[in-house]
Amino acid sequence: MKESILRGIGVFALALLGGLLGAGLFAITGIGQHWADRQTEAYLLDNPEMLQRMASELQARDAERRLAAAGEEWRAPFPGAVLGNPEGSRTLFEFSDYNCGYCRLSHAHVEQLVAQDPELRVVIKEWPIFEGSEAAARMALAAAKQDKFAAFHRALFEQETADDAAIARAAEAAGLDVRRARTEAQGEDVTMELMRNALLAEELGFTGTPAWITGNRILQGAQGVEALAEAIGDTTDAS
């Protein structure tokens with residue numbers, strides 16, 4: 001009886017040792033990793049929606065990281081360069097260019113969002129990246145110094161392009177003191193604002209206009225009313 005028990009223990013020990021050695025060999029040879037990779041691949045192929053969720057999560061985390069690195073100072077608008085409710089509890093930042101066709105398209109979407117949401121504040125970050133757009137951006141910031149940014153912004157986007165003649169028509173339609181605006185458009189504060197916006201856009205990895213920020217979310221390109229409204233959601237940002 002005793003010998004039988006001892007033989008049984010010996011067999012169990014050998015089996016256990018063999019299993020451990022086998023597992024070690026399994027891992028060392030890479031067979032185990034290959035098997036795990038194949039299982040993961042099969043799961044993702046059976047559940048492709050997981051890939052979309054993973055990509056969205058990676059983008060969200062990357063946006064949070066980049067915005068955190070950029071600090072908070074940029075969230076302060078150039079005085080007057082705001083659409084909607086200047087004291088609104090929800091904020092949408094738009095990096096825009098007056099010669100950008102998608103920005104012109106998005107302007108109508110922004111106006112619709114502002115009309116729908118009395119708590120929405122849209123901060124325009126002038127980012128002139130198209131040829132000839134800097135003059136328009138400078139005049140827009142000069143209009144902001146006369147508390148007529150929204151009127152000029154709307155009037156200029158109603159033009160087919162933002163050349164000198166269109167800028168002059170928009171300035172007249174907005175009721176600007178044109179002589180004063182032309183002088184203030186060349187001011188140091190306007191120049192610094194354009195430089196800050198360009199540096200921020202580069203730091204955040206923007207590839208073109210329009211580009212959007214709401215809360216810790218970054219969106220690029222024309223989005224449409226529904227997508228922008230969803231992004232803004234219930235975000236409260238009094239910055």
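All of the numbers you see were taken from the coordinates with simple rules; none came from a lab. The structure displayed is predicted, hence computed values, not measured ones. Counting neighbours? That spans all protein chains shown, and the Cβs are built from the backbone with ideal geometry, glycine included.
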Q. Got a sec to turn the phi values of region 141-151 into Karplus ³J(HN,Hα) couplings, 6.51 cos²θ - 1.76 cosθ + 1.60 with θ = phi - 60°, whole Hz, x for Gly and Pro?
A. 5, 5, 4, 4, 6, 9, 6, 10, 4, 4, 5
Q) Convex hull over the Cα atoms of region 130-183, averaged projected area in nm²? A) 3.2 nm²
Q. Counting Lys and Arg as +1 and Asp and Glu as -1, what is the net charge of the other residues whose Cβ lies under 12 Å from the Cβ of Thr161?
A. -4
Q | Coarse-grained scattering of region 108-239 at q = 0.10, 0.15, 0.17, 0.20 Å⁻¹, given as base-10 log I(q)/I(0) from a Debye sum over alpha-carbon atoms | A | -0.35, -0.80, -1.02, -1.31
Q.
Please list, in order along region 214-226, the HN-Hα scalar couplings obtained from phi with the Karplus expression 6.51 cos²θ - 1.76 cosθ + 1.60 (θ = phi - 60°), rounded to whole Hz, x for Gly and Pro.
A. 9, x, 10, 9, 10, 10, 10, x, 4, 10, x, 4, 5
Q) In whole angstrom, how long is each semi-axis of the equivalent ellipsoid of region 103-148, when you take the square root of 5 times every eigenvalue of its Cα gyration tensor and sort them from largest down? A) 22, 15, 8
(Q) Taking the Cα centre as origin and putting +1 on Lys and Arg beta-carbons and -1 on Asp and Glu beta-carbons, what dipole magnitude results for region 66-201, to the nearest 20 debye? (A) 120 debye
Q | Peptides 150-156, 183-189, 83-89 ordered by average Cβ neighbours within 10 Å, highest first | A | 150-156, 83-89, 183-189
Q: Could you work out the local net charge near Ala211, counting Lys and Arg as +1, Asp and Glu as -1, over the other residues with Cβ closer than 14 Å to its Cβ?
A: -2
Q. For Ser96, what is the net charge nearby, where nearby means another residue's Cβ is under 11 Å from its Cβ and Lys, Arg count +1, Asp, Glu -1?
A. -1
